[in-house]
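Peer 1: One structure, as structure tokens, below. Some questions next.
Every number here is computed from the coordinates shown, using simple stated rules; none is lab data. Owing to the predicted nature of the structure, the values given are computational and were not obtained by experimental measurement. We place every Cβ from the backbone using ideal geometry, glycine too, and count neighbours over all the protein chains shown.
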Amino acid sequence: MNIRRNILLNPGPATTTDTVKMAQVVPDICPREKEFADIMKGLRRDLVKVVHGDDRYTSVLFCGSGTINIDVCLNSLLPAEGSVLVADNGSYSSRGADVCRYYGLPLVDLKLPFDRPIDPAEVERALDENPGVAVVYACHHETGTGVLNPIREIGAVAHAHGCIFVVDTTSSYAMLPIDIAADNVDFLFASAQKGLMSMTGLSFVVGREDMIKASAAYPRRSYYCNLFMQYDCFEKTGEMHFTPPVQTVYATIQAMKEYWAEGETAKFARHRRVFEAIHAGLAELGFKCLIRREHQSGLVVAVRYPDDPRWSFEKVHDYCYERGFTIYPGKVGSAGTFRLCALGAIDAPDIVAFFKVFKEALDAIGAKVVYNG
Ligand SMILES: *Cc1c(COP(=O)(O)O)cnc(C)c1O
């Protein structure tokens, strides 16, 4: 196949293999056929297996970008009496709080510093002060900053208070090893185009089947985005309630094969190599990071803009983009940052090639990597 290989250093969608790209080219099929239901059944099982879930866990697929999972989990898993506590230390956990506000769900928005992991003791204190909380919500890897949160410890606190623990693992699933039960997680979710290195349009929730069944009795706050409704449809018919993203499902089945072939440990090690190569390249040029190294996930590096007035993210981006490398702006309120991410079907030599072009870009605009403070 003759498709140019772009190196995406944005936080998803990720660079894919040619075999995953090609897996989308299949004979036309109506997704209501049994053949299609059968392949989704296998995929649902595999999605649970990636996080080492046993038969207490199931997965439910949705057609949409990753944010659909945030919507689904928060509107579906809250009983009539109860509130949601969001451990909020970045733009993705804030999105969970926003979803609660849109649905008018009772919310405890526990604002925590964005530049370090969530302190489980803060969550514990908030739960002690707010006895009505039924759902604790956090983001595993805050993609905006690259901060990794201690979900196992937060989950233990949530469970000690009798709460369901829901975690956004969109930017860690299939990249960092996760053990759903040992990590004290009841529900987690991701989308196909990040850790699995597939295409956009398919998202999924993995969680406790008994809790999904119990949620049938909770208030129904959405028609399209109800977790029990979609689960029930899968169980009864093997199909999504509404039209699935057919080609993305085929691509994801291929991506899953490639995930098992590479293996959890080897894939984790490859992402680490890419991350280390990113740090090495940045250090050589004198760039500074926003987040302390020990707080970083190993998947996203948020880099501070240099203080040289000639620096221009847009110009550097365009120079790199024209040469097949995509860099991404930051997502932190005040500080000027950009991001380099270790997702996707890339390895350390791609990063070495990137830094060659990146350095050329700096030279082309005459920018120096200097910091005033
Ligand atoms: C990418 C991402 C999402 C989903 O974003 P979409 O644009 O809807 O795909 C949600 N949470 C985290 C942590 C993410 O990295």
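Peer 1: Can you pull out the strands (runs of 3 or more DSSP E) entirely within the range 160-219 that have at least 3 residues that are more than 10 Å from the ligand (Cβ to nearest atom)? Talk me through it step by step, then tell me what you get.
Peer 2: Working: elements: 164-168, 187-191, 202-208.
Ranges flagged: 164-168, 202-208.
Peer 1: Can you spot a residue in the range 243-256 that is farther than 21 Å from residue 19 by Cα, free of Cβ contacts under 8 Å to residues at least 60 places away in the same chain and surrounded by fewer than 18 Cβ atoms within 10 Å (Cβ to Cβ)?
Peer 2: No - not one qualifying residue is present in the range 243-256.
Peer 1: Scan the range 220-249 for residues that are in a helix (DSSP H, G or I) and of a type in the set (Ser, Thr, Tyr) and jot them down.
Peer 2: As a first pass, look at the range 220-249 and keep what is in a helix (DSSP H, G or I): 227-237, 246-249.
Listed by number, the residues that qualify are 231, 237, 248.
Peer 1: Check the range 206-218 and report whether any residue there is among the aliphatic types (A, V, I, L, M), within 18 Å of residue 40 (Cα to Cα) and in contact with a Ser or Thr (Cβ under 8 Å, 6 or more places away or on another chain). If you could, list the steps in order and put the result at the bottom.
Peer 2: Quick first cut of the range 206-218, residues among the aliphatic types (A, V, I, L, M) only: 206, 211-212, 214, 216-217.
Pick out the ones that are also within 18 Å of residue 40 (Cα to Cα) and you get 206.
Imposing the further condition that a residue be in contact with a Ser or Thr (Cβ under 8 Å, 6 or more places away or on another chain) reduces the set to 206.
Yes, the range 206-218 has at least one match.
Peer 1: Also, I was wondering about something else. Over 19 Å from residue 193 (Cβ atoms) and part of a loop (DSSP other than H, G, I, E, B), is that true of residue 11?
Peer 2: Working: over 19 Å from residue 193 (Cβ atoms): no; part of a loop (DSSP other than H, G, I, E, B): yes.
Spelling it out, it is not the case that residue 11 is over 19 Å from residue 193 (Cβ atoms) and part of a loop (DSSP other than H, G, I, E, B).
Peer 1: In the set 344, 298, 286, which member is in contact (Cβ under 8 Å) with a residue 60 or more places away in the chain, buried (at least 22 other Cβ atoms within 10 Å of the Cβ) and on the phi > 0 side of the Ramachandran plot?
Peer 2: Working: 298 fails: buried (at least 22 other Cβ atoms within 10 Å of the Cβ); 286 fails: buried (at least 22 other Cβ atoms within 10 Å of the Cβ).
None of the others qualify; the one that does is 344.
Peer 1: Restricting to the range 258-287, what's the tally of residues that are among the charged types (D, E, K, R) and within 19 Å of residue 11 (Cα to Cα)? Quick ask: steps written out before the conclusion?
Peer 2: Step one: list which residues in the range 258-287 are among the charged types (D, E, K, R), which gives 258, 262, 264, 267, 270, 272-273, 276, 284.
Of the ones still in play, those that are also within 19 Å of residue 11 (Cα to Cα) are 267, 270, 272-273, 276.
Final tally of qualifying residues: 5.
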